[in-house]
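Asker: One structure, as structure tokens, below. Some questions next.
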Amino acid sequence: MIEHKQEQKIIKCYHCGEVCAEEHLIFAKKNFCCNGCKTVFEILQENDLCQYYDLESFPGVNQKENVNTDKFAFLNNEEISQKLLDFASQQMNKVTFQVPKIHCSSCIWLLENLHQMHQGITYARVNFNKKTLAIDYIPTEINLSQLAQLMANIGYEPYISLEDSNQDKVKSENRQLYIKIGVAGFCFGNIMLLSFPDYLGIEFLIDQQLQPFFSWLNILLALPILFYAGIGYFISAFKGLKQKFINIDVPIALGILVLFIRSLYDIMVLTQSGYLDSLAGLVFFLLIGKWFQSKTYQSLAFDRDYKSYFPLAVTKLISGKKEIVPVYKIKEGDILFIRNLELIPCDSRMLTDHGMIDYSFVTGESRPVPVEKGNFIYAGGRHQGSGMLVVVEKKVDQSYLTRLWNHETFRKEKKLLSQLLINRISKYFTAIILAIAIGAFLFWWPLDVKTAWNAFTAVLIVACPCALSLSVPFTYGNITRIFGRNKFYLKNAEIIEFLLKINHIVFDKTGTITTASQGEVNWNGNKLDSSTQGVIRSMTSNSTHPLSQQVFQSLKKQGTPELPLEDFKELAGKGIEARYHHDIFRIGSASFVNGASASSSLLNQSIVYFSKNDELIGHFTIHNRYRHGLQQLVLKLSIDKQLSVLSGDGNQEIDRLKQIFPKDSKMIFGQQPSDKLEYIKKLQDRSAQVLMVGDGLNDAGALRQSNVGIAVVDDISSFSPASDAILEANSLTKLYDFLAMAKNARAIILISFTISFLYNLTGLSFAVAGLLTPILAAILMPLSSVSVVAFATLAVNISAKNKNLL
Amino acid sequence: MGVIILLIIASIVVAGSFLAAFIWAVKSGQYDDTYSPSVRVLFEDKKKKKPTVNQTQKERKGNDQ
């Protein structure tokens, strides 16, 4: 009963599951938090698709951010649609959309039933891992932009980009690894079966005559292992040697080769059984290790540059007529028409009288800045307000923000493979093994040539670093998985190794350590009476603007009731106007509320003005709030690491930052995107290992230059700039634990190495004595591998439990 | 003893055909998405009471106008 009561108190939106405000929409006896969610429900109900809500509770995506209605008009441009379509004909078109919002089984069901919403759609199929939707449609019934709009209407806005071509490469690589594992497993199993008589002693089990048949069959089965499944190790070893560096694949390739040649000799010349079972098992286990490590987050993109954010096409005015042209065709002097919430793709000059530009991509600061006619607008600004005209000053790739990507940092390969621990070890490992092998050979040579060769090959066989090369993929693979569970997604497992060396952490301020959604709202002016507060709450409750949402939330917390308003008007980029009884209220920017333009000193603060009948009553100031738990995180991190804060804003916040960060940390304000990059470079020149934590396109250069770049996002399905890892904002406070975990990884790997060395030592003592039998090799090899894998998995899980990451 | 040779060849042929089936499955993309098939089988095919959804929708729109 008590539980039931509690449920009643909190009303959740039927569509998205978000907690509803007291004044929420009720439709068909169901609660909705906003109009967007209700609309989606209505569309689904009309199309008899309400099973969507039965499969999972609150499956929808919050619809408070409205979609621009003209957003997909550019898809009607022939050139762009041709690039997107997988197949096109008169009767049938095929297209694959990226849909980042796919997150549950209801999503799959709804999207695959799209044909019920429009008869032009004949087939739809979701790939959940990649978050894509493949659609077949009849082009005469529905066109591409209508299709995209239809998906946006039900809350699954497709993400459209022209350069997602590398996905296919990953796909075919993955498939090939699966097939290799399949083939290796098949050969390994059969060779084991045929070698079984050997293990038990041939004489009493089967006829001596059968042994050659078994052995030859084994050779036949070993061929695909050598020439298909294991060929990657030879290629990699060869490539490494060509660059004069010994990677871990060199001793592996050497081991495989010696195993095969020695077995051929044993079978053909000595009519013995050979070591083919060990060979097959070795390759099979290695491939499994590779598969375990390579499991990455397919749906997350770690390589986005500004092109992923910028529009594909813009509306250009050609002799007074609006025409949609691809963005790369824009030239200096072109006149562009920019709609509300559209991104300005190149540096340009304003032609319309007024406008508000949100430069969050460039500076990280989300407060819109007013611009006047003739003012310069930087590429990457988002226009807020009614349509405006601009004249292009610089082409897209020459613009201020996009020039960052011409920097040399973006052209060179970031990581050096030779830095990896395993490759550094393998250099010494290979040298020692070769020395022992040659030593054993020289020792036996005067006594018995046959035993000398025997010992030489046996050393190389037994020392093949199977367990050694398994310890790394299993340790890193497990850690990657544990990080993923804590919403910390690594681009690949090798990042862990760079993570553990970090000694300097650079934070971006806005959006990274501050949160945009919940600010501190303060009222400046005479105390408001409760009915005025009610008016403000009602005015702001219907607005989607981030600042009015924050004002609304703060009043809601105070428990102000809402009041019925009339003549409600929201002017994008300006403010809200409404009438209550006979008074006209305005809330919003200075110029809108007060009539006068704001003085420039106040531009960098978030101020919301409020007036009654054209008389200014006061204003709200909104401060960014620092993320919860930041102080504790900083305290823990500063014990053994240097910290820096870079900010694109002015230094108003310096006093508050000084309270959080320790005295010796650096704080630099007014940083342009390229300044941030240079700052990181300077630190690295002083041999610091830098971790950059940033969030926006303005951090892209710094993320790329740093040793490890982490992009912080509020929502994992939103897009982040190119980085080595993506971290959900709520998990930012766990950063210390992640770094500590990475440090543990090194200890775990070193212990695993020791274990595998002990096995090798045992094997080697047999080998140098010339006593290594096939059966001993067949036992020793899997045993060492299994114990190393078991240790790595167990140790990682225990250390994660200790850090509350599991 | 000849029967053992026969049996082993038969067993390898059987195992080989499974391997071939596996390779076909991978190549046809069955391992690309391992999540959605598991939920897709659970979706019920609703019996359509109305003739087709689009028709009723059209009728409704017609009535509105």
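The values are calculated or read from the model by the stated rules, or taken from the named source; none is laboratory data. Small disclaimer: the values here were computed from a predicted structure and weren't measured. Counting neighbours? That spans all protein chains shown, and the Cβs are built from the backbone with ideal geometry, glycine included.
Asker: Criterion first (part of a strand (DSSP E or B), in contact (Cβ under 8 Å) with a residue 24 or more places away in the chain and more than 41 Å from the chain's Cα centre (by Cα)) does residue A:505 satisfy it? Show your work before the answer.
Answerer: On the way: part of a strand (DSSP E or B): yes; in contact (Cβ under 8 Å) with a residue 24 or more places away in the chain: yes; more than 41 Å from the chain's Cα centre (by Cα): no.
The answer is no for residue A:505.
Asker: Continuing with the same structure: In the stretch A:100-154, how many are in a helix (DSSP H, G or I) and of a type outside the set (A, V, I, L, M)?
Answerer: Kept after step one, since they are in a helix (DSSP H, G or I), are these residues of the stretch A:100-154: A:105-112, A:114-116, A:144-153.
Next, only the ones that are of a type outside the set (A, V, I, L, M) stay: A:105-107, A:109, A:112, A:115-116, A:145-146, A:149, A:153.
Qualifying residue count for the region: 11.
Asker: Something else now. Of all residues in the stretch A:107-120 being more than 9 Å from every other protein chain (Cβ to nearest Cβ) and touching a residue at least 40 places away in the same chain (Cβ under 8 Å), which is surrounded by the fewest Cβ atoms within 10 Å (Cβ to Cβ)?
Answerer: Of everything passing the filter in the stretch A:107-120, A:111 is surrounded by the fewest Cβ atoms within 10 Å (Cβ to Cβ).
Rundown of residues vs (1) β-branched (Val, Ile, Thr); (2) more than 22 Å from residue A:303 (Cα to Cα); (3) in contact with a helix residue (DSSP H, G or I) (Cβ under 7 Å, 6 or more places away or on another chain); (4) in a helix (DSSP H, G or I), yes/no style:
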residue	(1), (2), (3), (4)
A:636	no, yes, yes, yes
A:644	no, yes, no, no
A:656	no, yes, no, yes
A:670	no, yes, no, no
A:687	no, yes, no, no
A:692	no, no, yes, no
A:704	no, no, yes, yes
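Asker: Another question, if that's okay. Between a residue in the stretch B:4-26 that is under 15 Å from residue A:221 (Cα atoms) and any residue that is surrounded by 11 or more Cβ atoms within 10 Å (Cβ to Cβ) and small (Gly, Ala, Ser), which pairs come within a Cβ distance under 7 Å, given they are 6 or more apart or on different chains?
Answerer: B:19/A:182
Asker: Would you check if residue A:204 is part of a helix (DSSP H, G or I), of a type outside the set (Gly, Ala, Ser) and modelled with pLDDT of 75 or more?
Answerer: Details: part of a helix (DSSP H, G or I): yes; of a type outside the set (Gly, Ala, Ser): yes; modelled with pLDDT of 75 or more: no.
Against the criterion (part of a helix (DSSP H, G or I), of a type outside the set (Gly, Ala, Ser) and modelled with pLDDT of 75 or more), residue A:204 does not qualify.
Asker: Just give me the residues in the stretch A:5-34 being loosely packed, with under 14 Cβ neighbours inside 10 Å and modelled with pLDDT under 75, in sequence order. Walk me through how you get there before you give the answer.
Answerer: So in the stretch A:5-34, the residues loosely packed, with under 14 Cβ neighbours inside 10 Å come out as A:5-10, A:19, A:22-23, A:26, A:28-29.
Correct list: A:5, A:6, A:7, A:8, A:9, A:10, A:19, A:22, A:23.
Residue by residue, here is whether (1) in contact (Cβ under 8 Å) with a residue 24 or more places away in the chain; (2) not in a strand (DSSP E or B) holds:
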{"site": "A:512", "(1), (2)": "yes, yes"}
{"site": "A:519", "(1), (2)": "yes, no"}
{"site": "A:528", "(1), (2)": "yes, yes"}
{"site": "A:536", "(1), (2)": "yes, yes"}
{"site": "A:543", "(1), (2)": "yes, yes"}
{"site": "A:551", "(1), (2)": "yes, yes"}
{"site": "A:555", "(1), (2)": "no, yes"}
{"site": "A:562", "(1), (2)": "yes, yes"}
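Conditions tested, residue by residue: (1) surrounded by fewer than 19 Cβ atoms within 10 Å (Cβ to Cβ); (2) touching a residue at least 24 places away in the same chain (Cβ under 8 Å).
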position	(1), (2)
A:123	yes, no
A:130	no, yes
A:134	yes, yes
A:140	yes, yes
A:143	yes, yes
A:149	no, yes
A:155	no, yes
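Asker: Within the stretch A:470-494, count every residue that is touching an Asp or Glu at 6+ places or on another chain (Cβ under 8 Å), farther than 16 Å from residue A:799 by Cβ and surrounded by 24 or more Cβ atoms within 10 Å (Cβ to Cβ).
Answerer: Adding up the residues that qualify gives 1.
Asker: Which one of the conditions (1) away from every other protein chain (no Cβ under 14 Å); (2) surrounded by fewer than 18 Cβ atoms within 10 Å (Cβ to Cβ); (3) assigned to a helix (DSSP H, G or I); (4) at pLDDT below 90 does residue A:240 fail to meet, given that it meets all the rest?
Answerer: Unmet condition: (2).
Asker: Are any of the residues in the stretch A:169-176 within 14 Å of chain B (Cβ to nearest Cβ), part of a helix (DSSP H, G or I) and modelled with pLDDT of 90 or more?
Answerer: To start, the set of residues in the stretch A:169-176 that are within 14 Å of chain B (Cβ to nearest Cβ) comprises A:169-176.
Next, from what is left, pick out any that are part of a helix (DSSP H, G or I): A:169-176.
Okay, now just the ones that are also modelled with pLDDT of 90 or more, so A:176.
The answer is yes, given that some residue of the stretch A:169-176 is within 14 Å of chain B (Cβ to nearest Cβ), part of a helix (DSSP H, G or I) and modelled with pLDDT of 90 or more.
Asker: Report whether or not residue A:281 is at pLDDT 85 or above, farther than 30 Å from residue A:99 by Cα, more than 33 Å from the chain's Cα centre (by Cα) and surrounded by fewer than 20 Cβ atoms within 10 Å (Cβ to Cβ). Walk me through it before giving the result.
Answerer: Working: at pLDDT 85 or above: yes; farther than 30 Å from residue A:99 by Cα: yes; more than 33 Å from the chain's Cα centre (by Cα): yes; surrounded by fewer than 20 Cβ atoms within 10 Å (Cβ to Cβ): no.
The answer is no for residue A:281.
Asker: Please give the helices (runs of 4 or more DSSP H) falling wholly within chain B in which 3 or more residues are at the interface with chain A (Cβ under 10 Å from one of its Cβ atoms) and at pLDDT below 80. I'd like the intermediate steps shown before the answer.
Answerer: Details: elements: B:2-27, B:36-40, B:53-64.
Result: B:53-64.
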